[in-house]
Amino acid sequence: MAHRYRSKLTWADVTPEEVYLNRRQLMTGAGAIFGAGLIGGGQAQAQAALEPTSYDDVTSYNNFYEFGTGKTDPARYAHALTTSPWSIEIDGLVDNPGTYSFEDVVDGMTIEERIYRLRCVEAWSMVVPWNGFELADLLERVGVQDGAQYVSFETLVRPEEMRGQNRNTVPWPYREGLRLDEAMNPLTLMATGLYGRDLPNQNGAPIRLVVPWKYGFKSIKSIVRISLTAEQPENTWNMILPNEYGFYANVNPNVDHPRWSQASHRVVGSGLFGGRQDTLMFNGYEEEVAHMYEGMDLTVNY
Ligand code: MTE
């Protein structure tokens, strides 16, 4: 399948402004590396985060409980998953409900490259160059009806191919949800690839959600169902441990997980600037998303 790249997005669009400016400073100054040494520690760390995590790290250190709970289980076992043919049921409060093939869903969509930070709730992070289209484009195509306020998603259940589903680690299917305005936010991506290649199975082939300002567990993989609903849908981690994981799951360095701090995180595969960074509000996407949560108590709506 041909990937069409649109140059609409630049680094300025996908990165926090101070980081972008900082990057420009570095690029215009003589000797980027020496320049980085002169700026504040936090900024230097943020700058380092812009460098995409290596393809090897992105595809070998994963969370995908359908294939096991170990970080290397998905890379080891996800090849067993048949990703073609693939269909996605789109139902609920939509004008054009139905079962769409993966090809139907992707057809006519503009595939862009988006370089996003991924911050796992377990306090590690990566920077991933995704390829995908805006979820809003798909929702507009199927026609969202009045009364729809949320979007819910489900992952495939196929224990013959997803060996982790033979255990009840989480209630299958894995499920997630967004408020409709979050789903329509231009940052919200349906990813079909990374690093310009088709999405590897361990990263959620053939199609997964990417919501960069929320903890990684919201970015549900290998989606087979999308429903538009009036009620707030259930999401897997909230179902299992409601005191630890909420519905919103916005990245927030000021609201700790009951069992660990969220103020900083480990950078997977980090090189030059060392292994830890301060976590940014909304994972660095505050300017793009903070308006959606105005007036909400983020310690209650965690
Ligand atoms: N989606 C499904 N279906 N099952 C999962 O276990 N894990 C989530 C999310 N999506 C998960 C999932 C978690 S906790 C994270 S951090 C990200 O996927 C990891 O995405 P990556 O492996 O592509 O980095």
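The values are calculated or read from the model by the stated rules, or taken from the named source; none is laboratory data. Nothing here was measured: the structure is a model prediction, and the numbers come from that model. A quick note on method: Cβ atoms are made from the backbone with ideal geometry, for glycine too, and the neighbour counts reach across all protein chains shown. SASA here: full protein model, heavy atoms, side chains in, ligands and nucleic acids out. Shrake-Rupley method; radii C 1.70, N 1.55, O 1.52, S 1.80 Å.
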Separation between Cα centres of the stretch 138-172 and the stretch 233-302, rounded to whole Å:
22 Å
If R₀ is 25 angstrom, what is the calculated FRET efficiency for the pair Thr110 and Glu287, using the beta carbon separation as r and rounding to 0.05?
0.60
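I need the GluC sites (Glu not before Pro) found in the stretch 196-302, filtered to DSSP loop residues with at most 14 other beta carbons within 10 Å of theirs. All intermediate terms of the calculation are to be shown ahead of the outcome.
Working: sites: Glu231, Glu234, Glu244, Glu286, Glu287, Glu288, Glu294; in loops: Glu231, Glu234, Glu244, Glu294.
Here the sparse-neighbourhood loop sites are Glu231, Glu234, Glu244, Glu294.
Once you list every other residue whose beta carbon is under 10 Å from the beta carbon of Pro97, what net charge do they have if Lys and Arg are +1 and Asp and Glu are -1? Show your work: numbers first, answer last.
Values: positive: none; negative: Glu89, Asp91, Asp95.
Net charge around Pro97: -3.
When the gyration tensor of the stretch 189-261 is built from Cα positions, what are the square roots of 5 times its three eigenvalues, in whole Å, from largest to smallest? Before the final figure, lay out the partial values.
On the way: eigenvalues 120, 56, 22 Å².
Calculated on Cα positions only, the semi-axes equal 25, 17, 11 Å.
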Amide proton proximity set for Val224, modelled H, under 5 Å, gap of 5+:
Glu154, Thr155, Leu156
Not counting ligands, DNA or RNA, and with a 1.4 Å probe, what is Thr169's accessible surface area in Å² rounded to the nearest 10?
50 Å²
At what distance in nm do the modelled label points of Asn168 and Val255 sit from each other, each positioned 7 Å from its Cα along Cα→Cβ?
3.0 nm
